[in-house]
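Only one structure is covered here, and it is reproduced in the block below.
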Amino acid sequence: MKKYFWIVFAVAVLAACGGKDTPQPTESLSLSVAPQELSFSATESVSKLVVVTSNGDWTASSTESWIHVNSGSGSGKGSFSVSVDVQDKAEDRSGSVQVSASKGSDSKAATISVKQSGAVVSVAIVPAPAAFDGTKRASTTYQLLIYSFADSDGDGVGDFKGIQSKLDYLDGLGVTALWLSPAHPTGSYHAYDVNDYFSLNPLYAVGSHTSEKAEADFKDLIDAAHSKGIAIYMDYVLNHSGDGNAWFTEAVYDSGSQYRDYYIFSSNPSADVTAGSIPMLVSEGSKAYNEGEWYACGGRGRYHFHLDWVSDASVTVTVTPTDEAPYTGNSGKYIYFGNGEIREFRSSGGTAFDLVTDFESLWGYLVRTSKTSWAAGTKYGVSGRPKVTLGEPVSLTRSSSSVDPSNIALSCYYHSNFAQSMPDLNYGAVAEAKSSAAFQAVALSADKWLGMGVDGFRLDAVKHIYHNSWSEENPSFLKQWYERCNSQYAGGDIFMVGEVLDSHDMEKLYYKGLPSLFEFGFRDNVLSALKNGNGSGFASTIAGFIRDHKANNDKAITSLIIGNHDITRVGTELGKNVAKEKQAAAMLLTAEGKPFVFQGDELGYWGDKSKHGDADIRMPLCWDKSGTQIAKKGLPDGLDGYADMVNGNNSVEAQDADAGSLLNVYKTWSRLRNTYPALAEGEMTKASLSGASIAAWYMTSGSQKLLVIHNVAGSQKEVTVTDSMAKPIGLLGTGTIKEQTLTLGANSSVVFEL
C-alpha cells in the first residue's frame, strides 16, 4: 500500500514540473498553388484566378512586363488573379508568376507557368512551286504569222529561218506546238487564198527565193522544233482555194478541164440552187442562194463583142466566139477585163458598136465609158446573176452612187463564201465527199507535209464548207478528212483543230467530226468577267462547255483561245489595262483544255479589226531594244500608226528584262502549267467560294488536286476558303491569308496545292 502511494506521488510531481517548463513542437511552413499553368490567347483580356494554400504570409509577382498580377499578397489561404496584355505578334510567348511564402524564418516558393499564343495575323502569300523538271506537259500552242513574226535575212518579210532562230524564245514560253499561218503560195499577204497546196511560198525562203528552198527551210524548222519538243501545225484551207490556183484558172478557161469539178460553177445560180442541183448548197434549198456569193467567170479566146447602145439607160452586150481578125476603134466606149486590160469599141453606125479582141480574164468584164475614171455612171455591168449564154444579148445596168453593178460573166458564175479571189472547192454530196476529185487532191497535198514531219492541222472556216452550218454535213465531211489524214500520220492520233467562229451551241456539234475546236465562248467569258468584275459563273460555264464537247467525242480536246488573227486584240478589248491582260493570261493557263497564245498578246499588243481591218491585229513583233528586228514588210499597211506599240521599249528584249512584264507573266504561268499535271491535263470543277468577283475552280489529275482562285474585280476582295491554303504555288498580283480568310488584290490570282 505504501509502495503504491509513492508511485502515484512521483508521477504527479513529474507531471506538474513538465507542464510548466518543457517546449512544445512548432507547425512547418506549407505552400501550394493551383493551377500551376495558365494559358491565354493573343487577344484574351479576362483575368484568371490562382488559389494559394499556405499557413504563412505569401506574395505573388512577375518579372514579365506583359504579365499582370492583381491582389498578389495574403496570409494563410487566399487567391490572386493574373491577366496578360493583348499582343499583335504571330509568335507564341511564355513567362511565369512567382509565389513566395514565409513563416518565421522559413520560406517557400512556387512557379506558375504563363503561356500566350501568337496573334493571328495576315500573312503575305509567297508561292513556292515545285521545281520544273524540264518536261513540258501543258500542250500549249503559239500561233504565229510567218510573214510578220521574225525576219532572218533583212528583207522585211518573216520567213522559216526567222522562226527557227526564235525557237529558244518559244521554248522559254513553254509552248509545245506552233500553229503557222498558211505557208503556201498565195495572192495576198494573209495567204488564205492558196494557189498551190503542194508547194510553199518562196517569200518564206532565205537566199534563193524558190519553192524548193522554202521546202528545205521548212524541213529544217520542223527538225529543229522537234529537237526542242515543239510540234508544227499547218494552217489548212479546205473551204476554198485562191483564184490564182492552177486548178481554178484551168477550170475557168476550159469548161472541159478535169478541174471543172473542183469548183462550183453555174450559168444560172438562182435556178440551180432553188432546184437543189448543187449538192454543197442543197440542204438549205432556196435559202442558200445569195447573190453576193456568186461571181462572174471570164474565159480565154477570141471574141466578138457587140454593143447595142439605144440610150444610157438601155444597153445590151452580145458576145460570140470568132475567127475574125482583132480590131478596135475610138468610140469612147470600152471593154475592161481586169489587170488594167481595156479595149475600145468601134462605131458601126447608129446604136451599134463592135470590137474583136483576144480575151483572157478570170473575172469576166465590164463595159465602161472612161479609160481612167471609175466614177458613178462610167461603168455598166449586170444586176443579179442572169443566165449568160454566148451569142445572146445581156442587158446592162449603169452604175450610180447607190448601184455598183457586178462584172459580166462570159459564160457562167462560180460560188464563193468569202471573196471573188477565193472560189469555193466542190466536194459534191457529203456522203461521197472523200471520193470527190477535190478532196483527193487536197488530201494528197496534206500527205506530203505529213511525210515531211508536220504534226497536225488547223482547219480554216470549217462551218462554211457545206452551206448549212447547223447540219450534220460539215461534221461528216470533217470526220472523213480527219480519218484520211490520221491514216497517213505516223505519230499516233494526229492533232487537228477546226475554226467555227460562232456560238458554242454550233461549235460543239463539230466534235462529231474533229477531236478539237476553238472554244470562242472561253474568250467571251474571260473578257466578260474582266470587264464586269464578275467571275461567279465562269468556272461552271467553262466546265459545261467541256462536258458538251465530250458528249459528242470522248477524245475531245477543248482548244482555249483569247485571241487570234481574226478578232480584235485582247489588249484593245480590255482598254490596254495591263493588270487585266495579265489576269486573262493566268485564266487561260489555269483552265482545262489546250491553250493557244496569239503572237503579240504576250507583249500586250492592241488592234481593232472593226475599225482598221485584219492588218491591224497582225502586227509584227519587235525583238530588240534598238527597234531594228521587225518584219516590217510582212503586212500591206506596214507599221503606220503603231510606232508606240511596235518599238524597242515594248520589245521582247525589253519585256524579258522586266520581271513584272506581261511577257514574264506568260512565262511564269506557262512554267507552272508545265510543272503540275493537274494544271496541264486535269479536270476542271467549280469551287463553291462566295463573292461575285471570284472565279474559282479545282484542277484534278490522279492524286494531285489544285485550287485556282481569280479575283477579277478592280479592287481588293476577301473570301473565306475552307480548303488548306498552306501550299501556295502560284500568285499573280497580291494576296494575304488570315486563318481561313483569303484577301486578294485587284485582278489577282492564286493557286494552292491541296
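If you go through region 448-465 one residue at a time, do you hit one that is without any contact (Cβ under 8 Å) to a residue 24 or more places away in the chain, of a type outside the set (Val, Ile, Thr) and surrounded by fewer than 15 Cβ atoms within 10 Å (Cβ to Cβ)?
Taking region 448-465 first, the residues without any contact (Cβ under 8 Å) to a residue 24 or more places away in the chain are none.
Checking region 448-465: not a single residue is without any contact (Cβ under 8 Å) to a residue 24 or more places away in the chain, of a type outside the set (Val, Ile, Thr) and surrounded by fewer than 15 Cβ atoms within 10 Å (Cβ to Cβ).
Looking only at region 416-466, filter to residues that are among the aromatic types (Phe, Trp, Tyr) and part of a helix (DSSP H, G or I); which one of those is farthest from the chain's Cα centre (by Cα)? Please lay out each step first, then the result.
Taking region 416-466 and keeping what is among the aromatic types (Phe, Trp, Tyr), we get 418, 427, 439, 449, 457, 466.
Going one step further and asking which of them are part of a helix (DSSP H, G or I), we end up with 439, 449.
Working: PHE439: 31, TRP449: 26 Å.
For region 416-466, the residue satisfying everything is PHE439.
What are the pairs with Cβ atoms under 6 angstrom where one residue, in region 382-393, is closer than 17 Å to PRO269 by Cα and the other, located anywhere, is surrounded by 13 or more Cβ atoms within 10 Å (Cβ to Cβ) and aromatic (Phe, Trp, Tyr)? Sequence gap at least six, or different chains.
Every condition considered, the pairs that remain are ARG385/TRP294; ARG385/TYR413.
So which strands (runs of 3 or more DSSP E) stay within region 659-754 end to end and still have 1 or more residues that are among the small types (Gly, Ala, Ser) and either in contact with a Leu (Cβ under 9 Å, 6 or more places away or on another chain) or over 29 Å from SER139 (Cα atoms) (or both)?
Ranges flagged: 694-701, 728-732, 735-738, 748-753.
Residues of region 669-684 being within 29 Å of TYR605 (Cα to Cα) and surrounded by fewer than 21 Cβ atoms within 10 Å (Cβ to Cβ), which ones?
Across region 669-684, the qualifying residues are ARG671, GLU681.
If you take the residues of region 122-142 that are exposed (fewer than 14 other Cβ atoms within 10 Å of the Cβ) and among the aliphatic types (A, V, I, L, M), which of them is farthest from TYR666 (Cα to Cα)?
Out of the qualifying residues, it is VAL123.
In region 60-105, which strands (runs of 3 or more DSSP E) lie fully inside it and hold 1 or more residues that are closer than 19 Å to GLU37 by Cβ?
Strands (runs of 3 or more DSSP E) meeting the threshold: 67-70, 78-84, 93-103.
When you go through ASP235, ASP171 one by one, which is the residue that is closer than 27 Å to ARG671 by Cβ and either assigned to a loop (DSSP other than H, G, I, E, B) or within 21 Å of the chain's Cα centre (by Cα) (or both)? If you could, list the steps in order and put the result at the bottom.
Values: ASP235 fails: closer than 27 Å to ARG671 by Cβ.
Only one candidate qualifies: ASP171.
Would you please name the residue that is farthest from GLN629 (Cα to Cα), looking only at residues in region 644-658 that are in a helix (DSSP H, G or I) and of a type in the set (S, T, N, Q)?
For region 644-658, the residue satisfying everything is GLN655.
Does GLY76 satisfy the criteria of being more than 45 Å from the chain's Cα centre (by Cα), in contact (Cβ under 8 Å) with a residue 12 or more places away in the chain and on the phi > 0 side of the Ramachandran plot? If you could, list the steps in order and put the result at the bottom.
On the way: more than 45 Å from the chain's Cα centre (by Cα): yes; in contact (Cβ under 8 Å) with a residue 12 or more places away in the chain: yes; on the phi > 0 side of the Ramachandran plot: yes.
Here the answer is yes, as GLY76 does meet what is asked.
Could you give every pair whose Cβ atoms fall below 8 Å, whose first residue belongs to region 425-445 and is on the phi > 0 side of the Ramachandran plot, and whose second residue is at pLDDT below 95, counting only separations of at least 6 or pairs across chains?
Final answer for the pair search is GLY428/PRO279; GLY428/MET280.
Would you check which residues across region 79-101 are more than 20 Å from ALA42 (Cα to Cα) and touching a residue at least 40 places away in the same chain (Cβ under 8 Å) and list them? Spell out the reasoning first.
First, the residues of region 79-101 that are more than 20 Å from ALA42 (Cα to Cα): 79-80, 98-101.
Within region 79-101, VAL99, SER100, ALA101 qualify.
Would you mind finding the one in LEU200, LEU145, LEU173 that is closer than 18 Å to LEU621 by Cβ and buried (at least 24 other Cβ atoms within 10 Å of the Cβ)?
Going through LEU200, LEU145, LEU173 in turn, the sole match is LEU145.
In this structure, does THR53 turn out to be in a strand (DSSP E or B) and farther than 18 Å from ALA119 by Cβ?
yes
Out of TYR263, TYR289, I need the residue that is closer than 18 Å to CYS412 by Cα, among the aromatic types (Phe, Trp, Tyr) and modelled with pLDDT under 95. Which one?
Within the list TYR263, TYR289, the selection yields TYR289.
When the residues of region 543-572 are narrowed to those that are of a type in the set (Asp, Glu) and touching an Asp or Glu at 6+ places or on another chain (Cβ under 9 Å), which ends up nearest to LEU180 (Cα to Cα)?
ASP566
Which residue out of GLY381, GLY349 is in the same structural domain as GLY329 (by TED's automatic domain parsing), surrounded by 14 or more Cβ atoms within 10 Å (Cβ to Cβ) and not aliphatic (A, V, I, L, M)?
So the residue among GLY381, GLY349 that is in the same structural domain as GLY329 (by TED's automatic domain parsing), surrounded by 14 or more Cβ atoms within 10 Å (Cβ to Cβ) and not aliphatic (A, V, I, L, M) is GLY381.
Pick out the one residue from SER122, SER107 that is hydroxyl-bearing (Ser, Thr, Tyr), touching a strand residue (DSSP E or B) at 6+ places or on another chain (Cβ under 9 Å) and farther than 30 Å from SER748 by Cα. Step through it out loud before you land on a result.
Numbers: SER122 fails: farther than 30 Å from SER748 by Cα.
Exactly one of SER122, SER107 is hydroxyl-bearing (Ser, Thr, Tyr), touching a strand residue (DSSP E or B) at 6+ places or on another chain (Cβ under 9 Å) and farther than 30 Å from SER748 by Cα, namely SER107.
Considering each of ASP85, ASP106 in turn, give the residue that is surrounded by fewer than 23 Cβ atoms within 10 Å (Cβ to Cβ), more than 30 Å from LEU754 (Cα to Cα), in contact with a Phe, Trp or Tyr (Cβ under 7 Å, 6 or more places away or on another chain) and of a type in the set (D, E, K, R).
ASP85
Can you go through ASP616, ASP644 and tell me which one is free of Cβ contacts under 8 Å to residues at least 24 places away in the same chain, out of contact with any Cys (no Cβ under 8 Å at 6 or more places or on another chain) and surrounded by 18 or more Cβ atoms within 10 Å (Cβ to Cβ)? It would help to see each step written out before you state the result.
Details: ASP644 fails: surrounded by 18 or more Cβ atoms within 10 Å (Cβ to Cβ).
From the options ASP616, ASP644, the qualifying one is ASP616.
Report, ordered by the first and then the second residue, all pairs with beta carbons closer than 9 Å, sequence separation of six or more or different chains, a first member in region 305-334 that is closer than 12 Å to THR397 by Cα, and a second member that is surrounded by fewer than 14 Cβ atoms within 10 Å (Cβ to Cβ) and among the hydroxyl-bearing types (Ser, Thr, Tyr).
SER314/SER395; VAL315/SER395; THR316/SER395; VAL317/SER395
Tell me which residues, restricted to region 335-367, are touching a residue at least 60 places away in the same chain (Cβ under 8 Å) and not in a loop (DSSP other than H, G, I, E, B).
PHE359, GLU360, SER361, TYR365, VAL367
Could you list, in sequence order, the residues of region 549-561 that are more than 21 Å from ALA678 (Cα to Cα) and either under 17 Å from the mean Cα position of the chain (by Cα) or outside any loop (DSSP other than H, G, I, E, B) (or both)?
Once the filter is applied, which keeps residues that are more than 21 Å from ALA678 (Cα to Cα) and either under 17 Å from the mean Cα position of the chain (by Cα) or outside any loop (DSSP other than H, G, I, E, B) (or both), region 549-561 yields ALA551, ASN552.
For region 478-486, does any single residue satisfy the condition of being among the hydroxyl-bearing types (Ser, Thr, Tyr) and over 25 Å from LEU200 (Cα atoms)?
no
If I filter region 591-613 down to residues being in contact (Cβ under 8 Å) with a residue 40 or more places away in the chain and of a type in the set (Gly, Ala, Ser), which single residue comes out as farthest from TYR147 (Cα to Cα)?
Here the residue is ALA591.
All but one of (1) of a type in the set (A, V, I, L, M); (2) part of a strand (DSSP E or B); (3) at pLDDT below 95 hold for VAL114, so report the exception by its number.
Only one criterion is unmet by VAL114, namely (3).
The values are calculated or read from the model by the stated rules, or taken from the named source; none is laboratory data. Since the model is a prediction, treat every value here as computed from it, not as a measurement. Backbone-built Cβ (ideal geometry, glycine too); neighbour counts: all protein chains shown.
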